[in-house]
Amino acid sequence: MKKENCFNLGKITRLFGTKGELTLLLDVDDPNEYAKLDFFYVDMDGDLVPFFVEKLTFRNNNTVIVKLIDHNDPQEAEKLINHLVYLSLDKLPQLKDDQFYFHEIIGYRVIDDTIGDIGFVKDVLELPMQELIQIDKDGKEILIPVADELIEKVDRENKILYISAPEGLIEIYLD
């Protein structure tokens, strides 16, 4: 499996108990979406290695205790600590029409309800205080906050993101 066909599910943070169980911190909105997880990939020096799940125990704050099949030795399990965990993109939960995954809108055309076509999504920047949609308009960068109030519609079929930017926001990048 290639990493570009996957998304980061979380990170193995520590051992739990004495039977090789691990603590997995999920980086997801709703951990319950992954309650039937039967395997995941672990990034081992750039290679994604599959591991099969025997048991999951959900705790609070996106924390899951994972028991892997045929992994009972704490010393072996310890080698997985601080490694990132991935799932294939087809394991992502379906979203409502007005929601999107950051990776999916890269390359989408962006149309503002006042200005019109303002370029293409280059990236989504996940900064500590705010996520920003990075738009390329003929070599100029435009940054739009990821906020429900600004995102009007996601047209997946035509790969268009319709927005309603506050007055003057886009113009400051284009002047």
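Derivation of every value follows stated rules applied to the coordinates shown; laboratory data play no part. Source: prediction; values computed, not measured. Virtual Cβ from ideal backbone geometry, glycine too; neighbours counted across all protein chains shown.
Would you kindly derive the ³J(HN,Hα) couplings of region 28-37 from the backbone phi angles with the Karplus curve 6.51 cos²θ - 1.76 cosθ + 1.60 (θ = phi - 60°), listing them in order in whole Hz, with x for Gly and Pro?
9, 6, 10, x, 5, 4, 10, 5, 9, 4
Shape verdict for region 115-175, please, from the Cα gyration tensor: rounded (a/c under 1.5), prolate (a/b greater than b/c) or oblate.
Numbers: a/c = 1.27, a/b = 1.05, b/c = 1.20.
Here region 115-175 falls in the rounded category.
Out of residues 5 or more away from Glu131 or on other chains, whose amide H comes under 5 Å of its own, with H placed 1.01 Å from N in the peptide plane?
Val146
Provide the FRET efficiency to the nearest 0.05 for the Phe39-Lys3 pair, computing r from the beta carbons and using R0 = 22 Å. If you can, show how the numbers build up before the last one.
Numbers: r = 16 Å, r/R0 = 0.73.
Given R0 = 22 Å and the Cβ-Cβ separation, E is 0.85.
What percent does the relative contact order of the chain come to when contacts are Cα pairs within less than 8 Å and at least six residues apart? Walk me through the intermediate numbers first.
On the way: 329 pairs, mean separation 31.4, N = 175.
With pairs under 8 Å counted, the relative contact order is 18 percent.
Please provide three numbers in whole Å: the alpha-carbon extents of the chain along the principal axes, with the largest listed first.
Result for the chain: principal-axis Cα extents of 61, 29, 29 Å.
Once you have the Cα-Cα distance between Gln99 and Lys153, take 0.36 nm times their residue separation minus that, and quote the gain in nm to one decimal. List each step's numbers first, then the result.
On the way: separation 54, 0.36 × 54 = 19.44 nm, distance 0.84 nm.
Residue separation times 0.36 nm, minus the Cα-Cα distance, leaves 18.6 nm.
Each residue of region 44-59 in turn: what ³J(HN,Hα) in whole Hz from Karplus with 6.51, -1.76, 1.60 and θ = phi - 60°, glycine and Pro shown as x?
So the J values, rounded to whole Hz, are 10, 6, x, 9, 8, 10, x, 10, 9, 8, 8, 7, 10, 10, 7, 10.
Name the long-range amide H neighbours of Asp27: under 5 Å, sequence gap of 5 or more, or other chain; modelled H, no Pro or chain starts.
Amide H neighbours of Asp27, under 5 Å, 5+ apart: Gly10, Lys11.
Ordered by residue, what ³J(HN,Hα) values in Hz, to whole numbers, does region 113-118 give under the Karplus form 6.51 cos²θ - 1.76 cosθ + 1.60, where θ = phi - 60° and Gly and Pro are x?
Values, residue by residue: 5, 9, 7, x, 5, 10 Hz.
Could you give the nm distance between label points at Val28 and Ile160, where each point is 7 Å from its Cα heading toward the beta carbon?
Simple spin-label model gives 3.3 nm for this pair.
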